[in-house]
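Everything on this sheet refers to the single structure shown next.
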């Protein structure tokens, strides 16, 4: 990746994480600017085929995380942040970024649960949730009724996944 595009992607991602940490939301304006710039970057580097590369990278997170959003296990802002990064990174870069984000997010969530001393209750909640949904054959939001100690800001591992992915480009 060109250094200016890396810098711009990082600035937008850091801004999105700061907004998420302070308000619990990632503004759509940041995502829109990032997607527009991702399209322009891909077209500049790859010509008209860049539109396809941007589209593939941006759509992949929706395909991979759509079911988790449906069950309210991940926020829309997190998926949109991954889409924005995928627009810059293209399809293969998007897949790698998603993979690193999941791995880092899993490690981060495990550390949070250990620090908060709620690993066993969180596992029990998940098992009860799966049992409830399969027994009643109806969907209920996964995070419905849980306290703040059950949540963490997934945009931070996404930022780390972006950094990990672009590390080879610097």
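Counting only alpha carbon atoms, the long axis of helix 119-136 and the longest principal axis of the chain meet at about 80°.
Working ranking of peptides 109-115, 51-57 by packing, defined as the average number of other Cβ atoms within 10 Å per residue, highest first, is 51-57, 109-115. Between the Cα long axis of helix 49-70 and the first principal axis of the chain there is an angle of about 10°, rounded to the nearest 10. The label-point distance for residue 64 and residue 137, in a model that sets each label 7 Å from Cα toward Cβ, rounds to 3.4 nm.
Is the range 69-138 rounded, prolate or oblate when judged by the Cα gyration tensor, a ≥ b ≥ c being the square roots of its eigenvalues, rounded requiring a/c under 1.5 and prolate requiring a/b larger than b/c?
Oblate, because a/c is 1.5 or more while a/b does not exceed b/c.
Over the Cα atoms of the range 31-170, what is the Rg over Rh ratio if Rh follows Kirkwood?
Working: Rg = 17.2 Å, Rh = 16.3 Å.
Rg/Rh: 1.06.
Of the peptides 64-73, 12-21, how do they stack up when ordered by the mean number of other Cβ atoms within 10 Å, highest first?
Numbers: 64-73: 14.2, 12-21: 18.7.
Ranked by mean Cβ neighbours within 10 Å, highest first: 12-21, 64-73.
Against the chain, whose longest principal axis comes from its Cα atoms, helix 76-116 is set at around 30 degrees.
Every read-out reported here was derived from the displayed coordinates using simple, explicitly stated rules and does not represent laboratory data. Since we're looking at a predicted model, the values are computed, not measured. Cβ coordinates were reconstructed from backbone atoms using ideal geometry, including for glycine residues, and neighbour counts include every protein chain displayed.
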